[in-house]
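K.L.:
Right, I'll just put the structure down here and ask away after.
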Amino acid sequence: MTQPLAATGALYIQPVPTFDPLSRVLGALAALLGVVTAWGYASAGLSLSHYDAKAHLVVARRILDSITPAWEQIGAVWLPLPHVLNAIPVQIDFMYRTGASAIAISIASFAVTVACLSALVVRLTGSGAAAVLTAALFAINPNVLYLQSTPMTEPLLFALSALVVLHLTDWALSAAVAVPRAAGWTIVAACLTRYEAWPIVGSAMVLAAWVKWRRGLAFVDVSSAILRLATYPAATVVGFMIMSWITIGEWFVTGGFYVPDPELQGRPLAVADAIMDGMTDLGGARLVLLSKIAVGALLIGALWRRSSSSLVMPIALFASAALPFYAFVSGHPFRIRYEVPLVLGAAACIGAATGLLRRAAPIAAVAIVGLVMIQALPFDRDAPMIVEAQLDRANSEGRRAVTRCLARAYDGTTIMVSMGALAHYMQELSLEGFGIEDFLHEGNGPTWELAVSYGPAPFAGWALIEEAAEGGDTLSQRVKANPRWLNGMERVCEGGNVALYRRIANSSS
């Protein structure tokens, strides 16, 4: 059995984490599992079922394929790194229409996550059985398996968050005072991927500092090192806010893209229960119970002995719950997807706690995998994440009538459409040969603003309006406020809550 690093004293820190042979093997197996699973979901037509999966492809594509191509097309609601990574590949029509390049990023992220989680548990406990358990709890969860088979951004969040915690664990266990720059840049990447990374990074930094101090480094030196490291996420957040201001005129977008749901809004206790219920739906009641026991065991172990203080590090991954908590209290409709990152924390904590059982760890690991798997079967087509991903399926089928209508009569003129509501439909229209440059949308600056103010007729030959979802999109709201806004346009057809309007001849003025 590998000797746990927590018991070996001060160690020289590597600039980047190293992976033991077992973690490398588990990462490779995860990559193979990811490819096979992604192929299965693609064959079933589920890869792009989620409307956000399609929307992410549109945001990446529009950076170069647009009426006004520019870096500002990256936008400011979603964080930019996933779209920047995919911006060049999705200029290839096949990659854009199938999401293949983004799915490849998700699969690679899945494999990296498994390797990082396994390496983290080996660092903390030295238990190979616990590392295998950690990998299994994460990798065979049906919701995780589905997400890594799509262009969604959660898999990249998983990988970078796990890598951040592994980086900081290595630093906390080492003799080095300064945190390696590689850790700082990993934090930057995580903070530019999804908002859940922000509380994870903050929690991991605080816990790592506490571990470093408890293991003997002077408080002044620990504080100095962490403050220097904090410049990385601080500069990242400030830079993103500046980009947001330049792009859309707001420092930080907190609303306007959903209709507030009063069921949870302003009710923190109800939100906490909803998040716990969501985690139970995703992994089963046994996973939740084992997570609670594991967190307690890790806290006791960390407080009991200084040499074991690093056992608190996996708990940082549970900080992702701060994002859905804030969102739901603010009125964002409940989404099961926001709870999936908690599976990452559950796997790491349960694995690390199991490693403390030493010789009994292999037996416990087998029992835990069996107990959890019964409640969350791999490849379950009725897994909550897969069900949620298909909420738009009926509307997608209804929009086919609009697609046929538009394709049949399209004359090459611009189509006005709100990306905030219909980005996924824009991606669907690529199957009929439409590119992002065919659309007038929010990213087109003054032209879009003028069209929103005065109506589409002077600026576009067509308009697509979402009339129902989230109370109707921006264009639908304009029509409700001023029916004359559509002067010069005629309704051609509708389907799936979307109406298609065409400019009447000689109405462009």
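K.L.:
Evaluate region 372-379: report whether one residue or more is small (Gly, Ala, Ser) and touching a Lys or Arg at 6+ places or on another chain (Cβ under 8 Å).
P.N.:
no
K.L.:
Among the residues of region 312-349, how many are in a helix (DSSP H, G or I) and either surrounded by fewer than 19 Cβ atoms within 10 Å (Cβ to Cβ) or free of Cβ contacts under 8 Å to residues at least 12 places away in the same chain (or both)?
P.N.:
Result for region 312-349: 5.
K.L.:
Where in region 45-128 are the helices (runs of 4 or more DSSP H), entirely inside, with at least 2 residues that are touching a Phe, Trp or Tyr at 6+ places or on another chain (Cβ under 8 Å) and crowded, with 20+ Cβ neighbours inside 10 Å?
P.N.:
Filter on region 45-128 gives 51-62, 100-125.
K.L.:
Across region 275-291, what is the number of residues that are touching a residue at least 60 places away in the same chain (Cβ under 8 Å) and of a type in the set (A, V, I, L, M)? Please lay out each step first, then the result.
P.N.:
The initial filter retains those residues of region 275-291 that are touching a residue at least 60 places away in the same chain (Cβ under 8 Å), namely 275, 278-279, 281-287, 290.
So of that shortlist, the ones also of a type in the set (A, V, I, L, M) come out as 275, 279, 282, 285, 287, 290.
Count: 6.
K.L.:
Please work out which one of (1) surrounded by fewer than 18 Cβ atoms within 10 Å (Cβ to Cβ); (2) within 24 Å of Ala53 (Cα to Cα); (3) of a type in the set (D, E, K, R) is the condition Arg358 fails and give its number.
P.N.:
Checking Arg358 against (1) surrounded by fewer than 18 Cβ atoms within 10 Å (Cβ to Cβ); (2) within 24 Å of Ala53 (Cα to Cα); (3) of a type in the set (D, E, K, R), the one that fails is (2).
K.L.:
Right, here's the next one. Those residues that are under 30 Å from Leu145 (Cα atoms), at pLDDT 75 or above and part of a loop (DSSP other than H, G, I, E, B), I need them from region 232-262; list them, please.
P.N.:
Asp261
K.L.:
Among the numbered conditions (1) closer than 21 Å to Leu303 by Cβ; (2) surrounded by 18 or more Cβ atoms within 10 Å (Cβ to Cβ); (3) at pLDDT 95 or above, tell me where Val206 comes up short.
P.N.:
Single failed check for Val206: (2).
K.L.:
Criterion first (under 20 Å from Ala53 (Cβ atoms), in a helix (DSSP H, G or I) and aliphatic (A, V, I, L, M)) does Leu289 satisfy it?
P.N.:
Details: under 20 Å from Ala53 (Cβ atoms): no; in a helix (DSSP H, G or I): yes; aliphatic (A, V, I, L, M): yes.
The answer is no for Leu289.
K.L.:
As an exercise: evaluate Val238 against (1) hydrophobic (A, V, I, L, M, F, W, C); (2) surrounded by fewer than 17 Cβ atoms within 10 Å (Cβ to Cβ); (3) in contact (Cβ under 8 Å) with a residue 24 or more places away in the chain and give the number of the one condition it does not meet.
P.N.:
It fails just one condition, (3).
K.L.:
Of everything in region 127-162, what is under 19 Å from the mean Cα position of the chain (by Cα), of a type in the set (Gly, Ala, Ser) and under 24 Å from Ala365 (Cβ atoms)? Give them in sequence order.
P.N.:
Ala139, Ala159, Ser161, Ala162
K.L.:
Turning to a different aspect of this structure: Any residue at all in region 350-358 that is under 24 Å from the mean Cα position of the chain (by Cα) and touching a residue at least 12 places away in the same chain (Cβ under 8 Å)? If you could, list the steps in order and put the result at the bottom.
P.N.:
Initial filter on region 350-358 (under 24 Å from the mean Cα position of the chain (by Cα)): 350-351.
Cutting the leftovers down to touching a residue at least 12 places away in the same chain (Cβ under 8 Å) gives us 350-351.
Yes, that holds for at least one residue.
K.L.:
Among the residues of region 424-437, count how many are in a helix (DSSP H, G or I) and farther than 16 Å from Glu397 by Cα. Write out each step before concluding.
P.N.:
Initial filter on region 424-437 (in a helix (DSSP H, G or I)): 424-432, 436-437.
From what's left, farther than 16 Å from Glu397 by Cα: 436-437.
So the count comes out to 2.
K.L.:
Go through region 60-83 and count every residue that is β-branched (Val, Ile, Thr) and either free of Cβ contacts under 8 Å to residues at least 12 places away in the same chain or touching an Asp or Glu at 6+ places or on another chain (Cβ under 7 Å) (or both). I'd like the intermediate steps shown before the answer.
P.N.:
Taking region 60-83 first, the residues β-branched (Val, Ile, Thr) are 63, 67-68, 74, 77.
Subset that is either free of Cβ contacts under 8 Å to residues at least 12 places away in the same chain or touching an Asp or Glu at 6+ places or on another chain (Cβ under 7 Å) (or both): 67.
The total comes to 1.
K.L.:
Moving on to the next point. Of Ile436, Ile374, Ile386, which residue is under 27 Å from the mean Cα position of the chain (by Cα) and closer than 27 Å to Glu490 by Cβ? If you could, list the steps in order and put the result at the bottom.
P.N.:
Working: Ile374 fails: closer than 27 Å to Glu490 by Cβ; Ile386 fails: closer than 27 Å to Glu490 by Cβ.
After applying the criteria, what remains is Ile436.
K.L.:
Scan region 412-426 and give yes if some residue there is within 18 Å of Glu466 (Cα to Cα), touching a helix residue (DSSP H, G or I) at 6+ places or on another chain (Cβ under 8 Å) and of a type in the set (S, T, N, Q), otherwise no.
P.N.:
Within region 412-426, one or more residues are within 18 Å of Glu466 (Cα to Cα), touching a helix residue (DSSP H, G or I) at 6+ places or on another chain (Cβ under 8 Å) and of a type in the set (S, T, N, Q).
K.L.:
While we're looking at this one, here's another question. Identify all residues within region 438-455 that are of a type outside the set (S, T, N, Q) and part of a helix (DSSP H, G or I); write none if there are none.
P.N.:
Step one: of region 438-455, the residues of a type outside the set (S, T, N, Q) are 438-443, 445-446, 448-452, 454-455.
Passing the criteria: Asp438, Glu442, Gly443, Gly445, Pro446, Trp448, Glu449, Leu450, Ala451, Val452, Tyr454.
The values are calculated or read from the model by the stated rules, or taken from the named source; none is laboratory data. Computed from a predicted model, the values in this text were never measured in an experiment. Note that each Cβ is placed from the backbone with ideal geometry, even for glycine, and that neighbours are counted across all protein chains shown.
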